[in-house]
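*Asks:* The structure under discussion is supplied below as structure tokens; questions concerning it will follow.
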Amino acid sequence: GGFLRDAAELGMGLFAIRVYAAGALLGAEPSAHTLTTPFFPLPLYRRDLARARRLASVIEGGESLRELALRYVLSQPEISSAIVGMGAIDHVDEAARVASLPMLSRVDLDRIESWRDRMAEPAQTS
């Protein structure tokens, strides 16, 4: 709806949160916080997990959801910073590696957005 652009035009810094959808994009079990918070409750995690599974089935080129999610966020010119949950030292190393990669092209961003939009639709049943 243009929120990111409008905020950036006003000179506001923007933090991306839930980059990994509370672990759903990683296939991780929900955290204890997810089980108790009213802000990102378990039903939201389960919805995101179902979308992540569908998304993983359409990704081309062997890219990982973990890497694509972070690269997607870091490639948004309006985003000032990303808050990334990390549960192990190797997660810090991986985030640093991904952050050092070139930003995604507009073509790549459009491709990811088309996947995202397809995954937001209800799953098709046969």
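So that you can scan it fast, the table gives a plain yes or no per residue for (1) within 19 Å of ALA22 (Cα to Cα); (2) touching a residue at least 12 places away in the same chain (Cβ under 8 Å); (3) open to solvent by less than 50 Å² (accessible area, probe 1.4 Å); (4) charged (D, E, K, R):
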{"position": "LEU42", "(1), (2), (3), (4)": "yes, yes, yes, no"}
{"position": "ASP48", "(1), (2), (3), (4)": "yes, yes, yes, yes"}
{"position": "ARG54", "(1), (2), (3), (4)": "yes, yes, no, yes"}
{"position": "VAL73", "(1), (2), (3), (4)": "yes, yes, yes, no"}
{"position": "GLN76", "(1), (2), (3), (4)": "no, yes, yes, no"}
{"position": "SER80", "(1), (2), (3), (4)": "no, yes, no, no"}
{"position": "HIS91", "(1), (2), (3), (4)": "yes, no, no, no"}
{"position": "SER100", "(1), (2), (3), (4)": "no, no, no, no"}
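*Asks:* So VAL107 clears everything in (1) in a helix (DSSP H, G or I); (2) at pLDDT 90 or above; (3) surrounded by 11 or more Cβ atoms within 10 Å (Cβ to Cβ) except one condition, right? Which one?
*Replies:* Tallying (1) in a helix (DSSP H, G or I); (2) at pLDDT 90 or above; (3) surrounded by 11 or more Cβ atoms within 10 Å (Cβ to Cβ), VAL107 fails exactly one: (3).
*Asks:* If you don't mind, there's one more thing I want to ask. Looking only at residues in the range 3-38 that are at pLDDT below 85 and over 17 Å from the mean Cα position of the chain (by Cα), which one is surrounded by the most Cβ atoms within 10 Å (Cβ to Cβ)?
*Replies:* THR37
*Asks:* A further question on this structure: Of everything in the range 1-46, what is touching a Leu at 6+ places or on another chain (Cβ under 8 Å) and farther than 25 Å from GLU67 by Cβ? Give them in sequence order.
*Replies:* ALA7, LEU35, LEU42
*Asks:* Inside the range 1-92, counting only helices (runs of 4 or more DSSP H) that do not spill past its ends, which hold 1 or more residues that are among the charged types (D, E, K, R)? I'd like the intermediate steps shown before the answer.
*Replies:* Working: elements: 3-9, 32-36, 42-56, 65-74.
By residue number, 3-9, 42-56, 65-74.
*Asks:* Here is a further query. Which residue pairs have Cβ atoms closer than 6 Å, lie 6 or more positions apart in sequence or on different chains, and pair a first residue in the range 5-17 that is more than 21 Å from MET86 (Cβ to Cβ) with a second residue that is acidic (Asp, Glu)?
*Replies:* Once the first residue is more than 21 Å from MET86 (Cβ to Cβ) and sits in the range 5-17, its partners that are acidic (Asp, Glu) give ALA8/GLU78.
*Asks:* Kindly indicate the residue of the range 7-27 that is in contact with a Phe, Trp or Tyr (Cβ under 8 Å, 6 or more places away or on another chain) and among the small types (Gly, Ala, Ser) and also nearest to ARG54 (Cα to Cα) among those meeting that condition. Write out each step before concluding.
*Replies:* Pass one, the range 7-27, residues in contact with a Phe, Trp or Tyr (Cβ under 8 Å, 6 or more places away or on another chain): 18, 21-24, 26.
Of the ones still in play, those that are also among the small types (Gly, Ala, Ser) are 21-24.
Details: ALA21: 14, ALA22: 17, GLY23: 15, ALA24: 12 Å.
Among those residues, the one meeting the criterion is ALA24.
The values are calculated or read from the model by the stated rules, or taken from the named source; none is laboratory data. What you are looking at is a predicted structure, and each value in this text was computed from that prediction instead of being measured. Cβ coordinates were reconstructed from backbone atoms using ideal geometry, including for glycine residues, and neighbour counts include every protein chain displayed. Protein only, heavy atoms only, side chains kept; ligands, DNA and RNA dropped before computing areas. Shrake-Rupley method; radii C 1.70, N 1.55, O 1.52, S 1.80 Å.
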